[in-house]
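**Q** Below you'll find the structure I mean.
The values are calculated or read from the model by the stated rules, or taken from the named source; none is laboratory data. Predicted model only: the values in this text are computed from it and were never measured. Please note: Cβ atoms are built from the backbone with ideal geometry, for glycine as well, and neighbour counts cover all protein chains shown.
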Amino acid sequence: MALFHCNFYSEVLGLSTSMTVILPQQTRTQIGMKNNKSGDKHPTLYLLHGLTDDDSIWLRRTSIERYVAELGIAVVMPQVHLSFYTDMAQGNRYWTFINEELPEIARSFFPLSEAREDNYVAGLSMGGYGAMKLALRRPDQYAAAASLSGALDMANHIHMNNSPVNYTHIFGDKDIRGTDNDILHLLQQCDQADGPKPLLYQCCGTEDFLYEDNQTFRTACARTDLKLTYEEELGGHDWGYWDSKIQDVLKWLPLRKSL
């Protein structure tokens with residue numbers, strides 16, 4: 001595998017930002033690693049970070065580089081700060097960045113496939129929210145999305161007001177229910193829309209403080225025709241759990257058989 005720490009300028013954000021990228025590399029003599037590469041353009045997993053982290057965190061807390069080595073896929077891990085992957089009410093346009101600009105920039109730098117069936121998104125906690133948001137708003141762009149301990153019922157989470165996060169700074173002072181920032185609303189919208197539907201994966205530890213939010217999402221998804229793979233077991237909101245479950249996500253991804 002090849003690893004890139006990429007600093008670049010974002011026109012949407014109006015500032016320099018960063019992403020960490022893993023690219024496939026075919027090797028035969030590397031000790032302890034079997035690396036595969038398939039074709040000229042790589043299938044891509046956009047892997048999103050959580051509330052207090054950045055684009056380096058998946059690499060620092062898990063063995064993601066080793067986990068994807070045999071799969072022949074690229075992994076793009078962007079930096080979005082504490083934005084909830086949203087065009088913020090009092091901040092920057094991180095939804096526009098992650099939805100529009102990031103894929104274009106990443107594909108201009110690296111040989112990444114543009115085909116829908118080769119593009120996937122996953123994330124943990126805030127990143128689980130971002131992953132579902134991307135796939136449900138842009139099912140034409142993503143074949144699959146995975147949420148690990150995701151914040152999937154943000155309308156209720158904000159209403160409970162038991163977090164130190166300033167959600168007004170992010171979402172504004174209006175109720176987000178029924179808007180494009182409400183994942184439960186996006187489920188219904190995606191279900192009713194014409195066109196392809198993303199495959200969905202959801203997991204959450206039973207000891208996680210977001211467990212009830214995840215049950216709400218699971219119930220709402222069951223009322224649609226969207227295909228959801230759901231897993232739960234003993235676990236909390238921590239990297240021991242996420243390091244284990246990202247391996248399950250990688251096994252679940254609908255990679256094309258040619259890989």
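**Q** Just give me the residues in segment 7-31 being of a type in the set (A, V, I, L, M, F, W, C), surrounded by fewer than 18 Cβ atoms within 10 Å (Cβ to Cβ) and within 22 Å of VAL121 (Cβ to Cβ), in sequence order.
**A** The one that is of a type in the set (A, V, I, L, M, F, W, C), surrounded by fewer than 18 Cβ atoms within 10 Å (Cβ to Cβ) and within 22 Å of VAL121 (Cβ to Cβ): PHE8.
Here's the yes/no breakdown for (1) surrounded by fewer than 15 Cβ atoms within 10 Å (Cβ to Cβ); (2) part of a loop (DSSP other than H, G, I, E, B):
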{"site": "LEU186", "(1), (2)": "no, no"}
{"site": "ASP194", "(1), (2)": "yes, yes"}
{"site": "GLN202", "(1), (2)": "no, no"}
{"site": "GLU207", "(1), (2)": "yes, yes"}
{"site": "ASN214", "(1), (2)": "no, no"}
{"site": "PHE217", "(1), (2)": "no, no"}
{"site": "ALA220", "(1), (2)": "no, no"}
{"site": "GLY240", "(1), (2)": "yes, no"}
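**Q** Oh, and also: VAL75: aliphatic (A, V, I, L, M), at pLDDT below 95 and farther than 24 Å from GLY195 by Cα, yes or no?
**A** Criteria not met by VAL75.
**Q** Need the failing condition index for PRO103 against (1) in contact with a helix residue (DSSP H, G or I) (Cβ under 9 Å, 6 or more places away or on another chain); (2) not in a loop (DSSP other than H, G, I, E, B), just the number.
**A** Of everything listed in (1) in contact with a helix residue (DSSP H, G or I) (Cβ under 9 Å, 6 or more places away or on another chain); (2) not in a loop (DSSP other than H, G, I, E, B), PRO103 misses just condition (1).
**Q** Out of ASP243, ASP225, ASP238, which single residue is closer than 28 Å to PRO196 by Cβ and of a type outside the set (A, V, I, L, M)?
**A** Unique residue meeting the criteria: ASP225.
**Q** If you don't mind, there's one more thing I want to ask. Taking segment 131-152, which residues are in a loop (DSSP other than H, G, I, E, B) and closer than 17 Å to ASP180 by Cβ? Walk me through how you get there before you give the answer.
**A** Going residue by residue through segment 131-152, those that are in a loop (DSSP other than H, G, I, E, B) are 138-143, 149-152.
Matches in segment 131-152: ARG138, PRO139, ASP140, GLN141, TYR142, GLY150, ALA151, LEU152.
**Q** So, GLU232, is that one over 16 Å from MET132 (Cβ atoms), assigned to a strand (DSSP E or B) and modelled with pLDDT of 95 or more or not?
**A** Judged against the criteria, GLU232 is a match.
**Q** Sticking with this one: Only one of these conditions is not met by GLN30: (1) farther than 21 Å from LEU15 by Cα; (2) in contact (Cβ under 8 Å) with a residue 24 or more places away in the chain; (3) of a type in the set (S, T, N, Q). Which number is it?
**A** (2)
**Q** Of all residues in segment 1-38, which are modelled with pLDDT of 95 or more and in contact with a Pro (Cβ under 7 Å, 6 or more places away or on another chain)?
**A** Of everything in segment 1-38, just one residue is modelled with pLDDT of 95 or more and in contact with a Pro (Cβ under 7 Å, 6 or more places away or on another chain), namely MET19.
**Q** Is segment 157-178 home to any residue that is in contact with a Leu (Cβ under 6 Å, 6 or more places away or on another chain) and closer than 26 Å to ASP238 by Cα?
**A** no
**Q** Can you list the strands (runs of 3 or more DSSP E) lying wholly within segment 8-91 that have 2 or more residues being within 15 Å of the chain's Cα centre (by Cα) and of a type in the set (Val, Ile, Thr)? Step through it out loud before you land on a result.
**A** Values: elements: 15-23, 44-48, 74-78.
Of the strands (runs of 3 or more DSSP E) lying wholly inside segment 8-91, those with at least 2 residues that are within 15 Å of the chain's Cα centre (by Cα) and of a type in the set (Val, Ile, Thr) span 15-23, 74-78.
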